[in-house]
1. Any idea how far the Cα center of segment A:180-238 sits from the one of segment A:304-365, in Å?
2. If you rank A:348, A:257, A:197 by fewest surrounding Cβ atoms within 10 Å, what's the result?
3. What list do you get for A:141, A:464 if you sort them by fewest beta carbons within 10 Å?
4. Would you mind telling me the antiparallel percentage of the DSSP bridges in segment B:153-233, rounded to 5?
5. If you take every DSSP beta bridge fully contained in chain A, what fraction is antiparallel? Give it as a percent rounded to 5.
6. Over segment A:80-170, one equal point on each Cα, no solvent: what is log10 I(q)/I(0) by the Debye formula at q = 0.18 Å⁻¹?
7. Once you've got the GNM for chain B with C-alpha springs shorter than 10 Å, pick whichever of B:72, B:29, B:178 has the biggest mean-square fluctuation.
8. Can you tell me what the convex hull of the Cα atoms of segment A:88-137 projects to on average, as an area in nm²?
Amino acid sequence: MSVKIGDVSYKDRIDKGIENDFMRQAVSSAQGRFRKGRLSQAEELGNWEDWRQLGSEIRTHTLENIDYYLYQLSEQVEKRGGNVFFAQTAEEANEYIENVVKKKQAKKVVKTKSMVTEEIGLNEALEKSGAEVVESDLGEWILQLDEDPPSHIVTPALHKNRQQIRETFADKRGYDKTDSPEELAAFAREQLRHDFLTADVGITGCNFAIAESGAITLVTNEGNAEMVTSLPDTQITVMGMERLVPTWEDMEVLVSLLTRAAVGQKLTSYITAYTGTRLEEEIDGPNDYHLVIVDNGRSKILGTEFQSALHCIRCAACINVCPVYRHVGGHAYNSIYPGPIGAVLTPLLDGYDDHKELPYASSLCAACTEACPVKIPLHEQLIRHREIIVEEEKKSPVSEKIMMKGFAQWASNPAAYKLSTKVARTALKPWTKDEFVENGPGPLKGWTDVRDFPAPGKQSFRAWWNERAKGEKQNANS
Amino acid sequence: MPIHNRDKFLSNLAANLGRPRKIEGVERPEYSVQPQYEVLQGASQDELIDVLEKHCEVIHTDFVRTSKQELPNVVRQTIDRYEAKSIIVSNDKRNVEYGMDQAYNQYAEELDMHIWDASIGKENQVIAEKADVGISFSDITLAESGTVTLKNDKNNGRSISLMPKSYIAIIPKETIVPRMTQAAKQIHDDHVNGIETPSSVCFVTGPSNSADIEMNLIVGVHGPVNVTYIVVD
């Protein structure tokens, strides 16, 4: 897999999302819960805006000095017995990791959930070179068995119901119990325990790398990161180059923002900070440690007006408030990064060619910007993307081009404009119900399929304006 | 060579930022706000214990408060409540200070007791995986979030809090601080003063859990199913 998930067209993806009633219900209830959790935590703190401000300042300072802090991090990791590999591309990262796995003659690799390893397609690369790769996060494990991509950053298998999960377990692993979440989870625990104990290599992502001491911080509720980092003798951490903080004190602030903004918890059940190889006489933890720092398109964003998109701490707060995500679900974005941050980040990492529709998958209501705990101006960046797509790349979506061309011809002809605004209400009457146009004709159909379109008013704006002007004149004369 | 491709990688970043590379001289700025120090500011140790106790309900964790004298009995009662037969504990010097060394000897008459033993290597992990209960001390306890901080070392393996079905944390009252801010500051200050960061610092907040199946909260997906905190005055 890469950033892009597949080749299904944007419209088909949207239709699929909108037709999936279970997914839409699951997404809307998850959004409600996560959003409520975040808001109640913010209210309890009472000074949430100060926290956001601090988070934003830490991220800005770190990114402005990213070369300095990555240098410091690599020095510290080396000091603690680790190897550091700087990978410009996905291929370089995969090749290095494959070599480590091959050198160890490893048969089994256990992993924690990690967006960056999805982004570089690490699992496929390792499987091609003959190692079995086991995802250890419960949601990711379910998706791996079912060969399905994640649809949410925090709860990747949100789109699946328990009957589907039961069937997957039965088909792939001979599971024969009920679809109760407890029994399903107990089965996963038993299966995964065996994998943890027999794995040769552990691979994790990285929530925050701490430059001052070389520690890698992982945030989970399940404790699977603890298992992965404690048991196998060889460990590999893969981090997007921006997942960095200067010190332990900065890490602490960002973790507090992350867990609150993501799921409304003060802290998750496990927050693990591990540093290099195990020390003398220690038993848990690796004796061979590798940190892989991945660019894969990120450096192109530095120094541009989109730099603050790299501040993202992957909490999914923007996804949890997005009305578009609510309706179409994560897979419709065709990117491993869904929702508003995905719509901003995906075209930056992977170019506009395959993702020019994404900045339009937004209502620009700014709820995402308001929710972001590190104050990324998401909706402004979406508008900027649209400007670039239209003005520089000349790649605005086809439907919009046709509509805009038609609009231009129509609006530049005063007689046509005047006539059509006058008759619009009557003309659209067959499709109008309760003051909204449903299943509209011609170019309107694309719009009314997915959005409300208010019926034209009884009076046109021009007519209203003329009357108002007349009224004012009369008032002035009287 | 332990570091690969660094110079080219970092020079590219600096170039994109429109300036030469920085290798030294970067100072963390004075941030304009510091709200993290305001949480539970000025709370007494007893008030912090109240906050901790209350938050234990949220994180599905049992809370007990006891005295040093009563600690061995309370630990035993907790073990019995879990109907546990096999126990793994850290080889902590505080075992003696809190009278737990003698208690563990006593428990061994009826229970399968193992004290972490660096000399037997990986066998400790195998024992931990089969154990019903793991017991260790909290190094720093965070009242706000109900979190125990475990600085693991050769006498206190990570597996103790992670692999057994249930986990008991003994919390000396003086380890309780308002929140993660104080723990992070302590580790930061240690680093600045030349004390190496432990190879693993684990912040544990109640039992392992997941909401991955239809958003239902399930406890004990990977780590322990039950957790008890015992605060010792």
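Values in this text are rule-based calculations from the coordinates and carry no lab data. Note that the coordinates shown come from a computational prediction; the quantities given were computed from them, not determined experimentally. When we count neighbours, we look across all protein chains shown, and the Cβ atoms used for this are built from the backbone with ideal geometry, even at glycine.
1. Segment A:180-238 and segment A:304-365 have Cα centres spaced 27 Å from each other.
2. Starting with the residue having the fewest Cβ neighbours, the order is A:197, A:348, A:257.
3. Fewest-to-most ranking of A:141, A:464: A:464, A:141.
4. For segment B:153-233, the DSSP antiparallel bridge percentage is about 35.
5. If we restrict to bridges inside chain A, about 35 percent are antiparallel.
6. -0.87
7. Looking only at B:72, B:29, B:178, the largest GNM fluctuation is found for B:29.
8. One quarter of the hull surface, i.e. the mean projection, equals 3.1 nm².
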